[in-house]
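The values are calculated or read from the model by the stated rules, or taken from the named source; none is laboratory data. Here the structure is a predicted model, which is why all the values come from computation and not from measurement. Please note: Cβ atoms are built from the backbone with ideal geometry, for glycine as well, and neighbour counts cover all protein chains shown. Just the protein is used for accessible areas: all its heavy atoms, side chains included, with ligands, DNA and RNA removed. Shrake-Rupley method; radii C 1.70, N 1.55, O 1.52, S 1.80 Å.
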Amino acid sequence: SPEYSSDDGVSQIGFLSSDKMCFSHTFLNANEGLVCSERGLLHFDLRLPARSQKRGSLIEELKKTCKACAPWRLGEDSGDYQLQSAYVFAGGTGVDVALYDLRMTGGTSGNQAVQRYRPRALQNKSSVAVSGIDLSRNKRELLISYESDQIYTFPIFPDASAAGPTLMDIESNGTADKKSDKPIPELCSYGGHLNRMTFLKQAKYAGLNDEYICTGSDSGHAWIYEKDSGAVVSFLKADNHTCNGIAPHPSLPYFITYGIDSTAKLWRATVPVDNEVDDSDLGRFKYSREAEYEKSIVLSKWRDARRGRPIDLEDEDVSFLPDEITDDDDDLDDEIGMMGIFLRQRYMNALPYIGNNLMNLNCRLKKNYFTCCRSVGMSEVEPVKSGIASLRRRVALMKSRYQADRLGLEWNSRTPWLMKPRDRIQEQLQNERKGSTDMISYGAEVDLIPDDPSCWIPFERLMTNPPETGGSPFNVKRYERFFLESSTDDSFTPVARANQMNAFEGSSEPSLEVTVDSLDAKCASQKHSIQSNEILAESSEGQSYNHMQAWDILYQTVSLLKEAGNEALKSSQPSLAAQRYDKAINYCSIAYLHFPVGNSLFLAEHQYVISKNSGFECRWNPLLKQLIMIRLNLSMCFLKEELKDTKEALSQANLALRALRPFTEKGVVLTGKKLSKKRKDEPQETFKEAKSLQAKAYFRLGSAQLAAADFEEAVNSFDKSAKCSKEADLQVEDAVVRKLNEAKRQRKQKKEKERKKFKLMFSSQDE
């Protein structure tokens, strides 16, 4: 280390002895700097020999370990070296980061701290440590990254002028009133990444005006967050093991990523290098229409999606919806911890992918959130100490922003689940829309529905009572003036921002609600939108939670998705149709799968009833009928050449038949644990509707079996379809008869081939 510490009197040249670790260093000028180490914060001078270096930690309370530091510099115009090196932000193995006056030596350690900074969510956490510190260009904000947690920004001095803190602000803060004893809470939190495998993941401001915050992650990705919204704007696979950080260029669009593998990577921020790629809002929308369909885990593992994955959240107010489950059996890191990052490459056959990985952002967010929830449920070490609720808020925001960017929609960081089309694009396409359906074109109402129910329902006051806090996690309540002075969030118009700043002069209790725009009401007034209709939009403000209304909104959402899927199928776009049917099934899953409902109280009673009936819905209702019809339509999609998945087609048809089991006896409904009880006096109409759907389900099942060359079973299914139609007093459809005859013909041909093959085999043996 810079101090002379040899036990045997032999001079040691180097910054640290072999038994202590150096975490980071920073230069104060060309010759002098600071080292963060297990011996505290040390000073070094390259012009001096090791024996002449200053001894001991510069900060008494960090003498055991200092993990990160950032020297305070008042401005580039100041040439006073003594003033430049007098103050430093530093943190160690605790929660607090403080601004220390290095001129204050001797006495108690607390005398050195001018101001302390501590996130509210980590007030009582002792098992976190600082992993990185950075300062904004204007010297107004402090950026802190924590091990086993996320990233936070702080106002260095909240009451300082917009031009930045002055020496007077610093000198007056640690006076006799002991302001430094009370830590300043965070401005905002950022993160969907995990920081637990390595201990020094740096976080840095980036951009000419610090518009971005960048960091590394356990997954090997470099995450670049938009500072004013908290959304991810770039997601790069930068390391095959773990990415420890990003070093941005101060003025050019270049940055370097580094991690555990043997190389650092130099990146340049550019527009798409392929001239044929249209990266405009409309271009991304058109690409989304041609994207290949991928099944969700809710669809592919409806009955056993949660098998072997215990989720028992400690906070009963927080829900865990089925779409938040992830299929992570191959995630080696989750199972064996730190060793996984070294074994990953050893057992990997394919070459590592290095490049833009934004298409997989949702998958990684879901996996990280599930990992945290599972750790809480199994009482393991929490990957994010600040809690599940705050992480979910950020994850939902980032997933909503990803959907908005993918579809070229307008997005709002305060209510991210409410999206709307961009007016300029709608005007541009006004003439082109003639003759095209609203369900397919840009700005279709169905595209405004969040892709994942977990990004909307927990935060919607009409669906959850009380709703979880959603949107950008900015501490507006405490730092309203600071936010209006520094934020460039375009959801606040310049006029509204100016009016609000003026309001500070005449009111002691200003409210940011003055600046809230009408996006919520605009989305709600759209027919069949998420918030149902204009009546709900006009009455939703201050409206009490209503179970029936919540069910109605869920039903209308599913109905819209089903109708949009039908339109896509008619327009010969089976991939788009399958995507919409899949999305509808994800929304239905919150009614028919068992999971922690949190404050979504309208689901609690329903889950109890279903659990008493072996997981079956034993009440004939519109939502159940929609789910069955969606499955049958999706089964048909999977038989199209573009998708061709007979196994999934069979699965969807069988799941539809399973849902119909309680209603297939005339005048009764089967209930109980094994459907062994009978509830009488069921209307005759229930039996007829159920039998009609059962006939269609057997037809879809037979079609899938026919495509799979299982002709015997196909004949049986078509026979059952015809029988169900007759029981419902309906005429057997021509398509059923035609398919039945085809299956019989194919079965006959197959038997004939097998007989000839058998005969040929024995005739050869006789010869």
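Quick rundown of the values:
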{"quantity": "The lone exception for ILE610 - which of (1) under 29 Å from SER441 (Cβ atoms); (2) over 26 Å from the mean Cα position of the chain (by Cα) it fails", "calculated": "(1)"}
{"quantity": "Evaluation of PHE616 against (1) crowded, with 19+ Cβ neighbours inside 10 Å; (2) part of a helix (DSSP H, G or I) (one fails), failing number", "calculated": "(2)"}
{"quantity": "Qualifying residue in region 663-682 (condition: open to solvent by 20 Å² or more (accessible area, probe 1.4 Å), assigned to a helix (DSSP H, G or I) and not aliphatic (A, V, I, L, M))", "calculated": "no"}
{"quantity": "Residue in region 39-46 that is over 20 Å from LEU99 (Cβ atoms), crowded, with 19+ Cβ neighbours inside 10 Å and either acidic (Asp, Glu) or at pLDDT 85 or above (or both) present", "calculated": "yes"}
{"quantity": "Flag if LEU62 is open to solvent by 20 Å² or more (accessible area, probe 1.4 Å) and at pLDDT 85 or above", "calculated": "no"}
{"quantity": "Hits in region 386-431 (condition: among the charged types (D, E, K, R) and open to solvent by less than 20 Å² (accessible area, probe 1.4 Å))", "calculated": "ARG392, ARG394, LYS399"}
{"quantity": "All positions within region 259-300 that are open to solvent by 60 Å² or more (accessible area, probe 1.4 Å), farther than 24 Å from ASN209 by Cβ and more than 24 Å from the chain's Cα centre (by Cα)", "calculated": "SER262, THR263, ALA264, VAL273, ASP274, ASN275, GLU276, VAL277, ASP278"}
{"quantity": "Pair list, Cβ < 7 Å and 6+ apart or interchain, from region 260-286 residues that are closer than 18 Å to ILE354 by Cα to residues that are polar (S, T, N, Q) and surrounded by 11 or more Cβ atoms within 10 Å (Cβ to Cβ)", "calculated": "ILE260/THR242; ASP261/ASN240; ALA264/THR257; LYS265/THR257; TRP267/THR257"}
{"quantity": "Any hit, region 698-718, residues being over 24 Å from LYS748 (Cα atoms), open to solvent by less than 70 Å² (accessible area, probe 1.4 Å) and either among the hydroxyl-bearing types (Ser, Thr, Tyr) or touching an Asp or Glu at 6+ places or on another chain (Cβ under 7 Å) (or both)", "calculated": "no"}
{"quantity": "Filter result (farther than 24 Å from ILE325 by Cα and polar (S, T, N, Q)) within region 560-591", "calculated": "ASN566, SER571, SER572, GLN573"}
{"quantity": "Matching residues in region 436-487 - criterion: being hydrophobic (A, V, I, L, M, F, W, C) and at pLDDT 85 or above", "calculated": "ILE440, ALA444, VAL446, LEU448, ILE449, CYS455, TRP456, ILE457, PHE459, LEU462, MET463, PHE474"}
{"quantity": "Criterion violated by LYS647 - all others in (1) under 18 Å from ARG619 (Cβ atoms); (2) surrounded by fewer than 17 Cβ atoms within 10 Å (Cβ to Cβ); (3) not polar (S, T, N, Q) satisfied", "calculated": "(1)"}
{"quantity": "Complete set of residues in region 288-299 that are in contact (Cβ under 8 Å) with a residue 60 or more places away in the chain and not acidic (Asp, Glu)", "calculated": "SER288, ARG289, ALA291, TYR293, LYS295, SER296, VAL298, LEU299"}
{"quantity": "Lone qualifier among LYS739, LYS723 - being under 24 Å from PRO662 (Cβ atoms), open to solvent by 10 Å² or more (accessible area, probe 1.4 Å), in contact with a helix residue (DSSP H, G or I) (Cβ under 9 Å, 6 or more places away or on another chain) and outside any loop (DSSP other than H, G, I, E, B)", "calculated": "LYS723"}
{"quantity": "Within region 165-187, considering residues that are crowded, with 16+ Cβ neighbours inside 10 Å and out of contact with any Asp or Glu (no Cβ under 9 Å at 6 or more places or on another chain), the one modelled with the lowest pLDDT", "calculated": "SER180"}
{"quantity": "Filter result (part of a strand (DSSP E or B) and either at positive phi or touching a helix residue (DSSP H, G or I) at 6+ places or on another chain (Cβ under 8 Å) (or both)) within region 111-124", "calculated": "ALA113, VAL114, GLN115, ARG116"}
{"quantity": "Options PHE663, PHE638, PHE616, PHE595; residue that is modelled with pLDDT under 90 and not hydroxyl-bearing (Ser, Thr, Tyr)", "calculated": "PHE595"}
{"quantity": "ALA247 vs. criteria over 26 Å from GLU642 (Cα atoms), at pLDDT 85 or above and more than 24 Å from the chain's Cα centre (by Cα)", "calculated": "yes"}
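A quick yes/no check of all residues on (1) open to solvent by 10 Å² or more (accessible area, probe 1.4 Å); (2) aromatic (Phe, Trp, Tyr); (3) in a loop (DSSP other than H, G, I, E, B); (4) over 22 Å from GLY230 (Cα atoms):
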{"position": "SER126", "(1), (2), (3), (4)": "yes, no, yes, yes"}
{"position": "SER131", "(1), (2), (3), (4)": "no, no, no, no"}
{"position": "ASN138", "(1), (2), (3), (4)": "yes, no, yes, no"}
{"position": "SER145", "(1), (2), (3), (4)": "no, no, no, no"}
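Residues checked against (1) among the hydroxyl-bearing types (Ser, Thr, Tyr); (2) under 14 Å from SER454 (Cα atoms); (3) at pLDDT below 95:
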site: ILE341; (1), (2), (3): no, no, yes
site: ASN356; (1), (2), (3): no, no, yes
site: TYR369; (1), (2), (3): yes, yes, yes
site: VAL381; (1), (2), (3): no, no, yes
site: VAL384; (1), (2), (3): no, no, yes
site: LEU391; (1), (2), (3): no, yes, yes
